[in-house]
Amino acid sequence: MTALGIATRSSFVSFVLEVERLVRRSSVTPYRQIGASLRPLLAERGWIAPELLHPRREGYRRELLYEDEAGAFSIGCFVWGAGQATPIHDHRSWGVMGVLSGTLQSENFAIGASGRLERSAPAELLHAGQVSWLDPTVGDIHRISAGTDDVDVSIHVYGCRFVDVCRARYDYAA
């Protein structure tokens, strides 16, 4: 296993090995188990290189931390400055997100009976240590945004290669 030289502490390596074990042994994606394995990693900060914890001015920062050689899963770090957000998008892959520091807002959407994009649930605030997941068989259209005026950091695990994470973008008029 080779992490990308960005996060190689034993706690991160142990997490990668656990995700690999969970993904390979199950025909059904073990979201809850991956989320449970992510929580202890979120309680630490020393495993991630400090230079990764700075946002970019032009938009949220995405950094690949690890990618399975066969493309079965990837792990990334996202860093959010005040007011930064993803576009509304989907992954068409399962995903698990945990907040390492700060607070993130997660908004979920679905295509309604009219064919228009609609909110499918109230916005949810996720605080440091909390985990959320997406299942494309249920619906994975969403937007994530910074929840504080400080720096917010999240760790994401996807059931695909990192370059394939964002598949489609959607327009929404409230």
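Throughout, read-outs are computed from the coordinates displayed, never taken from laboratory work. Remember, it's a predicted structure, so these values are computed and weren't measured experimentally. Please note: Cβ atoms are built from the backbone with ideal geometry, for glycine as well, and neighbour counts cover all protein chains shown.
Among Leu17, Leu104, Leu22, Leu53, a tally of other beta-carbon atoms within 10 Å of each Cβ gives an order, fewest to most, of Leu17, Leu53, Leu22, Leu104. Working note: Cα atoms of the chain, range along each principal axis, descending, whole Å: 49, 40, 24.
Would you mind estimating how fast segment 61-153 diffuses translationally, via Stokes-Einstein at 4 °C and 1.567 mPa s with the Kirkwood radius over Cα pairs, in µm²/s? Don't skip to the end; give the middle numbers.
Values: Rh = 14.1 Å.
Estimated via Stokes-Einstein, D reaches 92 µm²/s.
When the chain is treated as a Gaussian network with alpha carbon springs shorter than 10 Å, the biggest mean-square fluctuation among Ser14, Ser154, Ser106 belongs to Ser14. Evaluated with a Cβ-only charge set (Lys, Arg +1; Asp, Glu -1), segment 10-170 carries a dipole of roughly 260 debye about its Cα centre, given to the nearest 20.
GNM on the chain, alpha-carbon springs under 10 angstrom: the most fluctuating residue among His91, His54, His142 is His54. Taking each DSSP H run with n ≥ 4 as -39500 (n - 2.57) and averaging over every residue of the chain yields -5000 deg cm²/dmol at 222 nm.
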